[in-house]
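For reference, the structure is listed below as structure tokens.
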Amino acid sequence: MSGASASLTEGSAIIPFSNPNEVFYNPVQQFNRDLSVTAIRAWSETRSKKIVAKSHHRHQLLDQNSELSQENLTKCDTTHDFEKNCSEKTDSTSADNIAGFTILEALSATGLRSIRYAKELPNVKRILANDLLENAVKTIEKNVNYNNVSDIVIPNKGDANAVMHMNKFHYDVIDLDPYGSAAPFLDAAVQSVSKDGLLCITCTDSAVLAGNAYPEKCFSNYGGSSLRSNFCHEQAVRHLLYAIAASAAKYGRAIKPLLSLSIDFYFRVFVQIKAKPVLVKNLQSQSLLIYHCSGCGSFAEQPLGKTSPGRLPGTTKFSNASGPPVSANCEHCGYVHHVGGPLWGGPLHDAEFLKKMRAIAEDLDPEVYGTKRRILGMLALADEELPDVPFYFVLSQICSVLRSQSPPQNIFVSALLNAGYRVSGSHAKSNAIKTNAPWSFVWDVLRSWIKDHPVKLENISKTSAGAAILEKTPTAEVDFTFRPDSEFASKKEGYTRYQMNPTENWGPKSKPGKRTIAEVDSKS
């Protein structure tokens with residue numbers, strides 16, 4: 001490119017620049033983009049199989065009816081609305097032709113993400129790389145031409161919400177990666193994505209989503225109050241999913257989370273939109289409040305609704321849940337509860353989707369996908385998480401309540417497994433534990449541990465939560481016999497599971513307009 005004196009390469013894309021101030025780029029966010037390519041590939045391959053199977057079935061039905069005209073044989077599959085692309089499908093039996101899909105990158109900046117999608121994803125028909133700033137669109141145009149993807153990537157200047165509202169049900173994949181919160185774009189996105197389409201959404205406002213400093217801001221942005229807690233990163237993901245689900249429900253649409261992650265300083269979710277109003281009825285029972293003890297940190301979930309079999313076979317009865325699950329004061333330590341939510345109470349991930357992603361990730365070229373090992377590790381962690389257990393605790397942190405030495409994690413997990421409970425780790429935090437064991441048993445395990453590993457009672461205030469818990473004697477038998485399955489599979493397989501800080505002062509960096517190649521930024 002004329003005037004370009006240097007370039008940066010990520011994946012299959014090359015971004016040229018003549019001045020370091022031209023390029024807004026954060027290398028830490030390569031993981032986000034590598035992961036997104038893998039996720040969209042998994043979604044598109046699953047979608048392709050379904051579309052081709054539907055097409056073949058449709059043609060078989062048409063062939064059986066001699067009264068149907070040849071014109072009907074060449075109509076677009078009604079499951080997906082490709083608008084202009086429909087008229088271009090001359091070969092209705094071609095899998096590539098039938099399964100082609102469109103992408104909107106609503107906040108594109110340099111176009112790097114769109115260029116990578118164009119060069120690395122099969123069957124992409126069209127990508128709209130949109131940005132509100134004229135200079136950004138000019139940069140996108142230069143980068144698109146430099147990478148020879150102008151036949152797929154269309155630079156566009158426009159307000160992201162306006163672009164989405166003008167193209168309802170037109171884009172099969174919508175990628176939102178704003179600086180800060182994605183909340184202002186959710187309402188347009190859930191309307192604009194096609195049936196069974198994919199939303200790829202990033203939020204970087206962790207102070208709002210994962211803290212307690214701005215519960216009113218979390219409520220106004222995402223529809224739920226945040227809590228100060230050890231499980232704050234999973235709480236943040238569930239707030240985001242709830243906001244997406246609530247936005248979609250207004251338009252008779254439901255969500256199916258495929259992969260929902262807390263990563264570094266941001267949150268990234270991949271959500272399929274289901275255009276089935278009957279599924280929207282499940283949102284009440286998929287939503288919950290969280291009661292969190294201000295003293296010992298124990299918590300309890302309160303679903304907002306419940307489902308049961310209806311009177312007629314195959315029907316469902318929807319009703320309000322009963323509650324609350326706790327009293328005003330914690331049964332374990334006597335401290336008061338704080339209430340958070342509502343937030344998403346359903347699964348964070350889809351098992352089949354994770355299986356597909358892991359298979360694709362295994363075959364990635366590490367020279368192109370520099371974060372391959374971390375992708376595999378993160379997917380392994382997500383895959384082993386208990387799908388029906390919201391939230392986690394960190395063993396060292398609950399031991400600090402008792403001023404106790406922390407037992408080895410595998411010994412503690414063995415005690416839970418020996419009692420018949422299920423246990424897993426969490427992708428959101430190292431040393432986190434998810435379990436369906438009640439808090440009464442968790443505290444019994446630690447009380448039993450302390451019998452052989454005494455604490456110094458003089459270090460524990462008599463009015464503390466720890467003192468109240470230790471006053472009680474264990475009521476359950478605890479077996480600390482080691483179990484081989486107490487070692488989580490992702491750890492035994494040696495994956496890169498949790499990211500260390502890669503650079504000094506890393507994070508989302510400064511806002512657009514203040515970013516340079518030296519002071520890298522998350523919006524690329």
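No value in this document is a laboratory result; all are computed from the given coordinates. None of the values given here were measured: they were computed from a predicted structure. Positions of Cβ are backbone-derived with ideal geometry, glycine not excepted, and every protein chain shown enters the neighbour counts.
Here are some notes:
- Taking 20 °C and 1.002 mPa s as conditions, segment 116-191 diffuses translationally at an estimated 161 µm²/s according to Stokes-Einstein applied to its Kirkwood radius (Cα pairs).
- Stretched out straight at 0.36 nm per residue, the stretch from Tyr251 to Thr475 would grow longer than its current Cα-Cα span by 75.6 nm.
- Cα shape, segment 257-339, gyration tensor, a/c 1.5 rule: oblate
- Zone of Ser319's modelled label, taken as backbone nitrogen in segment 259-294 under 20 Å from a point 7 Å along Cα→Cβ: 281-289
- DSSP-loop trypsin sites (Lys or Arg not before Pro) across segment 258-298, with at most 16 other Cβ within 10 angstrom: Lys281
- In this calculation the C-beta distance from Asn329 to Ser400 is compared with R0 = 25 Å, giving a FRET efficiency of 0.75.
- For Ala359 and Lys492, a Förster radius of 35 Å and the Cβ-Cβ distance give a FRET efficiency of 0.95, rounded to the nearest 0.05.
- Alpha-carbon centroid distance for the pair segment 432-461 / segment 293-334, whole angstrom: 25 Å
- Computed E for Ser220/Asn148 - FRET, C-beta separation, R0 45 angstrom, nearest 0.05: 0.50
- Selection from His170, Asn143, Leu186 lying farthest towards where the dipole of segment 135-203 points positive, charges on Cβ: Asn143
- The modelled label-to-label distance between Val368 and Phe265, using points 7 Å beyond Cα along the C-beta direction, is 3.0 nm.
- Simple spin-label estimate for Leu132 and Val339 in nanometres, 7 Å along Cα-Cβ: 3.6 nm
- Unsatisfied cross-links (Cα-Cα over 22 Å) in the set Lys49/Lys356; Lys434/Lys492; Lys157/Lys256; Lys250/Lys281: Lys157/Lys256
- 3J(HN,Hα) from dihedral phi, segment 30-46, Karplus parametrisation 6.51/-1.76/1.60, rounded to Hz, x for glycine, proline: 4, 4, 4, 6, 4, 5, 5, 4, 5, 5, 5, 4, 4, 5, 5, 5, 5
- Centre-to-centre, using Cα atoms only, segment 232-271 and segment 141-220 are separated by 13 Å.
- The amide H of Ile263, built 1.01 Å from its N in the peptide plane, has Arg268 as neighbours under 5 Å, considering only residues 5 or more places off or on other chains.
- Projected label distance in nm at Asn212 and Lys49, using a 7 Å step from Cα toward the beta-carbon: 4.6 nm
- Working ranking of peptides 418-431, 178-191 by packing, defined as the average number of other Cβ atoms within 10 Å per residue, highest first, is 178-191, 418-431.
- Sites listed here are chymotrypsin sites (Phe, Trp or Tyr not before Pro) in segment 196-254 whose DSSP assignment is loop and whose Cβ has at most 16 other Cβ atoms within 10 Å: Tyr251.
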